[in-house]
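To keep things clear, I will list the structure first and then write my remarks on it.
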Amino acid sequence: MRILYSSKLNHFCALFFIAALLSACKSDKKKIDVSNIDLEVHIERFDHDFDQMRLKPMVQQAAVLQQKYGPFYADFIERILEAGSIADTSYLANIRQIINGKPYLDLKHEVDSVFPDLNKQNEALTDAFKRIKYYFPNKQLPKVYAYFSGFQAQTTLGNGYIGIGLDQFLGSKSKFYPALVNTYPQYISRRFTPENIAPRIIEGIIREDMFPEKDADKSLLAKMVYEGKMMYLMDVLLPDVADSVKIGYTTKQMEWSKAFESNIWGYFLEEKLLYETDYQKLQKYLNEAPFTPGLGEKNESAPKLAIYTGWQIVKQYMIKHPDTTIQQLLALNDAQKILDEAGYHPK
């Protein structure tokens, strides 16, 4: 199991297109017909089934959960809750203490209030999963399980499943998040909203399961192009999701990045960063942060500017190569070739 976003924080079309072109880009993304793909996503409410441990004989309910959820049950107990090994029934005493405590009951009440159902998320994921099947018909898609874990894990990827921690999507104004500011600063927790569930699930699947970054991608340019491909794939799979949500920007950060796109690119060139391989020097252009040090005034710059720039490079490449399929793009491992043939020169 991989915790894609946890409290441990392990880690883990170009500027101002004319309106007609932008509309055409969006239209093209949506043009594919997935109505004949027989697939429907139903997010299983593990959180509801787990709560039955309070109401039914615990040993029997544990057996039911093991049977229904398979590897996820063990991963949840042992690696997310860290309540002990399911091979030793003494872990049930820890579970009993957790589920009868006020913190659990308060959080359960909030989760149930925000998510009485997951109909919107089921609909969004059904469309996105159908698009994955359209482009990658042989892909075996995971089951999706919803849980809450006391803010220990937002997204988890395991054997045949992807899990989503509902307690980290309660809305940016949730009463719980101010107390967690040392673990989840506001620039991160502001994205803990219901609308982020489908994008974070799709991002987890494509980055961690389908197209993980290659260890050989050491240079900033290679990382830019990889990140650009992942963002472009999210464009294709989530055509109705706002760009700011996909990349995790505020509206102002998105506007800033568009307005200063040429300055950002000029900075990377002037500082000779494209072929730099020292990650210590590169991480501030790739990782989560409230802004990018050294760029912008009064800390107004957007973070993750290498990801944003890579996204624009890949979009420009695909505009210049309209016959290139998404599969061909993802298979093209020459970052320099993509940059050269994109003709990326923002103004």
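The values are calculated or read from the model by the stated rules, or taken from the named source; none is laboratory data. Quantities reported herein were computed from a predicted structural model and do not represent experimental measurements. Cβ coordinates were reconstructed from backbone atoms using ideal geometry, including for glycine residues, and neighbour counts include every protein chain displayed. Each accessible area value is taken on the protein alone, full model and side chains, heavy atoms only, with ligands, DNA and RNA left out. Shrake-Rupley method; radii C 1.70, N 1.55, O 1.52, S 1.80 Å.
The set of residues in the range 299-343 that are under 25 Å from Lys284 (Cβ atoms) and surrounded by fewer than 21 Cβ atoms within 10 Å (Cβ to Cβ) comprises Asn299, Glu300, Lys315, Gln336, Leu339.
Table: residues versus (1) among the aliphatic types (A, V, I, L, M); (2) in contact with a Pro (Cβ under 8 Å, 6 or more places away or on another chain); (3) within 18 Å of Ala153 (Cβ to Cβ).
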position: Val41; (1), (2), (3): yes, no, no
position: Asp47; (1), (2), (3): no, no, yes
position: Ala63; (1), (2), (3): yes, no, no
position: Lys68; (1), (2), (3): no, no, no
position: Ile77; (1), (2), (3): yes, no, yes
position: Leu81; (1), (2), (3): yes, no, yes
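Out of the residues in the range 186-205 meeting the condition of being hydroxyl-bearing (Ser, Thr, Tyr) and in a helix (DSSP H, G or I), tell me which one is least open to solvent (accessible area, probe 1.4 Å).
We begin by selecting, within the range 186-205, every residue hydroxyl-bearing (Ser, Thr, Tyr); these are 187, 189, 193.
Next, only the ones that are in a helix (DSSP H, G or I) stay: 187, 189.
Details: Tyr187: 65, Ser189: 8 Å².
Per the criteria, the residue is Ser189.
Among the candidates Gly163, Gly158, the residue that is open to solvent by less than 10 Å² (accessible area, probe 1.4 Å), small (Gly, Ala, Ser) and under 15 Å from Ile205 (Cα atoms) is uniquely Gly163. If you take the residues in the range 248-273 that are aliphatic (A, V, I, L, M) and surrounded by fewer than 17 Cβ atoms within 10 Å (Cβ to Cβ), which one is nearest to Pro185 (Cα to Cα)? Step by step, filter the range 248-273, then rank; the result is Ala259. Name the single residue that is surrounded by the most Cβ atoms within 10 Å (Cβ to Cβ) among those in the range 71-99 being among the acidic types (Asp, Glu) and under 29 Å from the mean Cα position of the chain (by Cα). Here the residue is Asp75.
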